[in-house]
Each structure stands twice: as structure tokens, then as C-alpha cells.
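Every number in this text was worked out from the coordinates using simple rules, so none of it is lab data. What you are looking at is a predicted structure, and each value in this text was computed from that prediction instead of being measured. Cβ: placed from backbone, ideal geometry, glycine included. Neighbour counts: every protein chain shown.
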Amino acid sequence: MVTTEARVAELRRLIDDANHRYHVLDAPTVDDGEYDGWVRELRGLEEEHPDLVTPESPTQRVGGTPSTQFAQVEHPQPMLSLANARSDDEYRAWVERVRKLLDGEPFQLVTEPKIDGLAISLIYERGVFVRGATRGNGVIGEDVTANLRTVRAIPLGLGDDGEPPAVVEVRGEVYLPLQGFARVNEEQVAAGAKPFMNPRNSAAGSLRQKDPSVTARRPLSLWAYAIGHSKGLELRSHWEALEWMRAHRFPVSPDVRLHDDPDEALAACHEWEQRRGELPFDVDGAVVKVSSFDQQRRLGSVGRDPRWAVAFKFPPTTAITTLLHIGVNVGRTGALNPYAVLEPVMVGGVTVSLATLHNEDDIRRKDIREGDRVILQRAGDVIPQVVGPAPEQTGKRGPVWSMPERCPVCDTPVVRAEGEVRHYCPNRACPSRGLEGLKHFVSRGAMDIDGVGEKLVAKLVQEGLVAQPQDIYKLTLEQLLDLEGFQQRSAENVIAAIETSKAQPFGRVLFALGITHVGSVTAQALADGFGAMDALRSATPEEIAEVEGVGPVIAEQVAGWFLDPEHAHIVDELAAAGLRMEGPRRAQAPVGPLAGKTFVVTGSLDGFTRESIAEHLAGLGAKVTNTISANTDYLLAGTGGGSKRAKAEELGVPVISEADLERLTAG
Ligand code: IVH
């Protein structure tokens, strides 16, 4: 007979183990049903035998009543902060100082991710978690024990192998994984609250909840990165501390490294920066620490910053910028996808000027409007997202945004089905749509696939063999032979023609994609201007507009087209199929009556909007820029526009009217 005590102990071990595997190792071994069964059984036993309940029992994660205020607690040792190194040179200067202060003695360095969350302190007395606190000002923090108990990655006990230390303080960073951040923000918005600016703020908000059951619903996690105060624990280095924590089931990053060579540590920091976008959580840098505790003591601190550690900072992944305008792209299913055109801003080390927006409801719920200052988030290679309007608005906000009433591609009134969030263009012949797109793809001017005409494409679609262009390259001889009217010979010819089409030049591939407003001439101009699909895909609308003959409206359409994940997928698959994604870059001579001329436009014109005049001029071979310089050929001025006019006069740039422009191009 198993005693109740033994069964309770076994259940706790099973549950703790499952929690550790799930929340720390990311390698679950039991299914949810089994896990829930254990928890239910343990709860039952504890209810029958209240004397067996211990504070480290997994059933005690959400206990306690909501606190009305967080008690202030003093940290047993101050929680320090970190000095930053913003470049390789600053890092090397830090290394040199360490070397000098240690009198040339050799030292080892540990590299770790710098997680963007909230620093916390966890105190274990005789192996039991007794108090958790926020960093606060480093000396005094807030007691958030009840809330921290709900974080599954935090062990409530140190396990029962041998005698636990009398006291040990584990320090680490509580954070929200990016997915959890997105979810929390969705819930915020649905509840009519403002979205959090970044995962760090949402982690902080989640941890400082008055009611622990709210915290329990937030998918918070932890990375442990240091041991603070301790009694009865003999450790000689930071590296040993990390190993001790890992052995006691604290989540320690699997990527921490020990280095003998400071250059190697720097290389590890760079590696982190490279991998940043692949991580499921936000890192804002890498931390480099001298490992030996003895050396740490000798190095000491300056103010709040220890001399034995440095944070190698990465550029931020969130930024605030102005939403200039909301554009709409029509997908291959006819779905209308809004996107944001932004004032270019650096995020995560790259300049971003476009971001996805989900749908009209989402835009309205978040109350995102043209002209707003918005919070932009970008994690690595992920397409940037507009999180929501920034708390402070400085400029003039536009009206509540609405989806256009007509399809931007074919002008058909758009529809929105009951219960659907998306708007669609219902026109089956809309050039944006699947079948039409495929017909265009195989057509003479595009991939020019011999023997694959409109009829065959329609049939392939009908039979479910082809839905997107890349499917054409996956067709097999057998599939064709199964179709009515195909003989061995004719089927072989079609397969051969499909194969041959892979050699079509890059410009044709671009044209074949059927990007709105990109005809064969524009496609060729883009191919010549960028030379490779990857270069074009990552270009900003401004960069695209620099190609001769491409105005700002088309440039925005092109950039917006690539932003659609469905389109990105098609391009990737076509590249994988072996289509040409590169071509020789040609500096093309602009053509048209205004070939090579540079214009700046100011004031309001009679016959044109801002965009349409730029498009018109681009079509005539001219380039349009925003600022007047000695290289400007003409300032086209409407009514108003004082400062540019003055500047033009100062530089001797001719100022012309709309009528002058007409005369200029007439002859
Ligand atoms: S060590 C030296 N290690 O960064 C003592 N801090 O800028 C400082 N942080 O308050 C803590 N990841 O919130 C350390 N691997 C890491 C860290 C880390 C993130 C945070 C922590 C600290 C802040 C200092």
C-alpha cells in the first residue's frame, strides 16, 4: 500500500517535473490530460489532509488573496545595473580596463542574453520559495511573491537532493515571450484598454497585478542570471552559479558560454545579435561578466554599475513614428489587406517604412488613424507590426479609418460577408484574383509557357492541381496524363515547356507576379534598378521610387505587395523551384521629354494631387525629390509653398507653374 504521504510526494514530483520540462526545458513529455489528472488528484488529497499542504506544493501557485498594495522590501544585497557598450570599441575599452585593474591576471568571461523584461529577486529559505520582489530602485523593491508564485518557470522549492542552503537569492528576468505579448495585447484591446508598448512593459504590467489570478493568466516566464545573497552555499564563480541554478531547475539560457578570450566573447555577442530575430523572446543586448567571484570583488562597482560586467546593447526593436497613410493591397483571394505607410524610422537596426495592419475592425479597435504617432514593433526578420497609437499624440489625427468602398485594383464595390473580418473584391475577373493571376503568369509576355493557355490553367485550377503560380512547377507527367485530352507526347511537351520557362529573365518573372500597376515596362525597370528579388523585396517605397519611371504610388504598391505574407510565400516557392530571381543590373537611361530632370513640387496644384503629379512627372522621365538643392532642375509651384520657393530663388532654381510644365513637355 502506498501511503497518502508518499503519493502526495510522488504527485508533486511528477507535476514539478512536467512543469520544468514544459516551462524551462521546452520539451514536454506528458499530455495536458494526464497533467490535469495529477493536479486534480493532488488537490483532492490535500483537501482531505490539510496538514500535508506545504507552501512549495504545485497547488499553491495561485493562493492568497489579492493584495491592495505591494509591501516594500529591502533587498539583502543591492540589485545593481549595468554599464552599456554600444560598439566593439566601447567593449574593448571595457576589457582593457578590466585587464588593467586585475594587473594583467588572466580572467574568464561569461556571455548571456540580455533579456528585455523585469528584474526580480527570489529568496529561498531552507529550500522553500519564501519571497519574490521586483528590483524597484535596486535597494528597495516591491513584494510580489503571490504573483511570482503563479509563474510556472519559477521553482517553488529547490528539490530534495541533500541539505538545501539556509538562504539563497536567485535573480533573474521575468519576461513575456513574443507570442504571449501579442496575445496579451489582443486581450488588452478587446477589453478596451491601451496595448502595451513592448513585451517589457507588458511583463511589468502583468507582474504588478493586484490579483494574482490575473498574473496567472499571463504567460510569463523567467531566465535566471545570477545568485545574490546566500548562506550555506559555496560557489567560486558566476559560471558555477549558473550551473547550480540549472541543476536546481531554474531556467538558465542554454546559450550562456564561458570564454578565455575576450574577442571570443565579443564574437558571441555578435552571434546573439544575428540570431535575435529567431528567438521567441526579446533580447536587447548581450551581457558579458567576469566569472570569478574573487575577481568580481576586486573589480568592485562605480555607483550602480559593477566594473565586472557590461551590457553589449543591440538597437531597439520598438520605435515610435508617424503613420503617414493607410494603403490597401488586394490579395490573390480578393481579400483587401490594409498596411501602414510610415515616416521611415530605425527599428532593430533597419529602416522601416511599411508595416502590416490586420483589418478594418482591428484598426478601429486600436483606434489607429492616419497622422497618428504609432508604436511600431519589429522582431528580427518578422514583418513590422503597428502595435497601436502612442500614448502621446502631437500632430493632427485623421478621421476614424474605413476600408475603401471600391476595389483599388478593379474599382468594383467591395463586400464584407456577415461575421467576416475581411473585405473582399467580389469581381472574379479582378486582375488580383487567383485564376486571373495564373492566366497572366503563364501568358506570352510573362513566363510564356508554351501549351499552357487559359483553358488548361482553368482546368488545372478546377481539378485542384494548381492554385498558385508555384504549383505549376510541381506538376507531374502522371497528373497531366490523368487529365482528359492528354497523350504521352502532349503531356511531355507541356512538362518540357514548364521546365524551359524557368530560364525566363528576372524582369519577366517580376512582371508575371502580377503586382498591381506593374506592367512589363515597369517590371523591367525594377529588374534593372534592383538586379535581384531580395534587394527589391527589402527596399523601402522611397528606394523603389528612385527607379526611373516609377512614381511614389507604384513604389508603394510594390512594397505593399511584398509585405503580404502570401505573396512572400509565392516568391520564396518560385525561387525554390529555380526561377530566375536575379538579372544584370542596368543603369538605364531615362526616357521621355523630361529625361534626367530633377523636380521638386510645392504648393497645391490645380490638375494634380501630390501623388499624381509625381507619377505624371516620372512617366515623362523626370525624377521627383523632396528637397531643393543645387541639383534640382525645376521647382514646380502651385499656390502656397513659400519656403521652397524662397529656397529655389536663393539657389537660382527656375520656378515654374503647371502651365509652364505643359509648355515644357508639349514640344
Ligand atoms: S546581471 C550586474 N544579467 O539588465 C548586475 N542583468 O541593465 C546586473 N538583465 O536590471 C544584472 N538580462 O533587469 C544581468 N543576463 C543578464 C540580464 C540582466 C537582463 C537586466 C536586468 C538588470 C538590467 C541592467
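So if I check each of G331, G419, which one is closer than 25 Å to E542 by Cα and either out of contact with any helix residue (DSSP H, G or I) (no Cβ under 6 Å at 6 or more places or on another chain) or surrounded by 19 or more Cβ atoms within 10 Å (Cβ to Cβ) (or both)?
On inspection, the qualifying residue turns out to be G331.
Just one of (1) closer than 23 Å to H569 by Cβ; (2) in a loop (DSSP other than H, G, I, E, B) trips up E484, so point out which.
(1)
Check P391 against each of (1) part of a loop (DSSP other than H, G, I, E, B); (2) touching a residue at least 40 places away in the same chain (Cβ under 8 Å); (3) more than 21 Å from N185 (Cα to Cα) and name the one condition it does not meet.
(3)
Here is a list of conditions, (1) away from the ligand (no atom under 15 Å from the Cβ); (2) out of contact with any strand residue (DSSP E or B) (no Cβ under 7 Å at 6 or more places or on another chain); (3) under 22 Å from A286 (Cα atoms); (4) not basic (K, R), and G104 meets all of them except one; can you say which number that is?
Among (1) away from the ligand (no atom under 15 Å from the Cβ); (2) out of contact with any strand residue (DSSP E or B) (no Cβ under 7 Å at 6 or more places or on another chain); (3) under 22 Å from A286 (Cα atoms); (4) not basic (K, R), the lone unmet condition for G104 is (3).
One line per residue, one yes/no per condition, for (1) more than 12 Å from the ligand (Cβ to nearest atom); (2) crowded, with 16+ Cβ neighbours inside 10 Å; (3) closer than 30 Å to P404 by Cβ:
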| residue | (1), (2), (3) |
| --- | --- |
| Q295 | yes, yes, no |
| R298 | yes, no, no |
| S301 | no, no, no |
| P306 | no, yes, no |
| V310 | no, yes, no |
| K313 | no, yes, no |
| T321 | yes, yes, yes |
| I326 | yes, yes, yes |
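If I filter region 71-101 down to residues being farther than 24 Å from E273 by Cα and polar (S, T, N, Q), which single residue comes out as farthest from the ligand (Cβ to nearest atom)?
Filtering first and then ranking leaves Q72.
Which condition number does Q274 fail, the rest of (1) over 21 Å from L82 (Cβ atoms); (2) within 30 Å of the chain's Cα centre (by Cα); (3) in contact (Cβ under 8 Å) with a residue 60 or more places away in the chain being met?
Here Q274 clears every test but (3).
Just give me the residues in region 154-209 being among the β-branched types (V, I, T) and either surrounded by fewer than 22 Cβ atoms within 10 Å (Cβ to Cβ) or under 26 Å from D17 (Cβ atoms) (or both), in sequence order.
Those that are among the β-branched types (V, I, T) and either surrounded by fewer than 22 Cβ atoms within 10 Å (Cβ to Cβ) or under 26 Å from D17 (Cβ atoms) (or both): I154, V167, V168, V170, V174, V189.
Does Y91 satisfy being touching a Cys at 6+ places or on another chain (Cβ under 8 Å) and of a type outside the set (D, E, K, R)?
yes
Restrict the check to region 343-364 and report whether at least one residue is farther than 21 Å from L266 by Cβ, within 16 Å of the ligand (Cβ to nearest atom) and surrounded by 22 or more Cβ atoms within 10 Å (Cβ to Cβ).
No - not one qualifying residue is present in region 343-364.
Please determine, by comparing only the residues of region 147-182 that are among the acidic types (D, E) and within 16 Å of the ligand (Cβ to nearest atom), which one is nearest to A216 (Cα to Cα).
Here the residue is E173.
Looking at (1) within 13 Å of the ligand (Cβ to nearest atom); (2) within 17 Å of D143 (Cα to Cα); (3) surrounded by fewer than 16 Cβ atoms within 10 Å (Cβ to Cβ), which is the one condition that is false for D255?
The single condition D255 does not satisfy is (2).
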